[in-house]
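Working notes for the structure below.
The values are calculated or read from the model by the stated rules, or taken from the named source; none is laboratory data. Note that the structure is a prediction, hence the values are computed from the model and not measured. Neighbour counts run over all protein chains shown; Cβ positions are idealised from the backbone, glycine included.
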Amino acid sequence: MRTPIYLLSIFFLLSCSSSKTNSEVVRINTKVIYYPSGKIKSVGNTDDFTKEFRIGYWNEFYENGQLKESGNYNLETYEECCSGGICDGYYSYKIGEWLYYYENGKLKAKGTYRIGKKTKNTNCGTKAEINFGYVTESWLFYDRNGNEIKPNSDDINEIEKSSYINQFDMLK
């Protein structure tokens with residue numbers, strides 16, 4: 001019974017047309033990634049087919065075991081060029097509320113991403129619009145002692161830069 005599902009999935013991924021992937025209909029698995037030391041680096045849900053694309057709840061940890069960040073991912077596609085023509089490039093982006101922590105366990109930032117569009121260069125020599133999580137004024141930022149602070153542009157850029165991950169980033 002599983003063989004026809006996998007064959008259909010492979011056909012879908014290798015087809016030359018582009019379509020949106022709705023992460024709510026993709027089955028998920030739990031994946032654990034470890035530091036070279038053997039300590040847990042991250043744990044979360046991935047798609048059932050490749051077991052690489054982040055979907056749903058995800059936790060990242062510092063090597064000392066403290067929680068680094070926590071929240072949900074959604075999965076989408078954009079058009080790329082493949083040897084057979086146009087194909088789907090996959091990426092996961094952060095949605096909803098996320099919490100970020102310092103290595104000492106104190107809360108660093110919390111807020112809900114505003115989903116907007118960002119232009120991404122593709123390997124076709126064109127540009128694609130992808131979903132991207134932006135930090136809004138409703139986000140709260142804290143210093144290492146737990147005191148609320150006004151974020152600077154580096155604080156905001158650090159959070160926004162991590163708001164999406166593409167298929168090539170996931171292989172690192």
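For the range 140-162, the criterion of being among the hydroxyl-bearing types (Ser, Thr, Tyr) and at pLDDT below 95 is satisfied by at least one residue. Of all residues in the range 120-139, those that are without any contact (Cβ under 8 Å) to a residue 40 or more places away in the chain have Cβ atoms under 7 Å from Cβ atoms of residues that are surrounded by 19 or more Cβ atoms within 10 Å (Cβ to Cβ) and among the polar types (S, T, N, Q), 6 or more apart or on another chain, in PHE132/SER163.
Scanning the range 115-132 for residues that are surrounded by fewer than 14 Cβ atoms within 10 Å (Cβ to Cβ) and out of contact with any Asp or Glu (no Cβ under 9 Å at 6 or more places or on another chain) gives GLY116, ASN121, GLY125, LYS127, GLU129. If you take the residues of the range 133-169 that are small (Gly, Ala, Ser) and closer than 15 Å to TYR101 by Cα, which of them is surrounded by the most Cβ atoms within 10 Å (Cβ to Cβ)? For the range 133-169, the residue satisfying everything is SER162. Within the range 23-39, residues that are in a strand (DSSP E or B) reach partners that are among the hydrophobic types (A, V, I, L, M, F, W, C) and modelled with pLDDT of 60 or more with beta carbons closer than 8 Å, at six or more positions or on different chains, in the pairs ILE28/ILE55; THR30/VAL43; LYS31/VAL43; VAL32/ILE40; VAL32/VAL43; ILE33/ILE40; ILE33/VAL43; TYR34/ILE40. Residues of the range 74-132 that are touching a Leu at 6+ places or on another chain (Cβ under 9 Å) and not in a strand (DSSP E or B): GLY84, GLY105.
Going through (1) over 14 Å from the mean Cα position of the chain (by Cα); (2) modelled with pLDDT of 90 or more one by one, ILE95 falls short only on (1).
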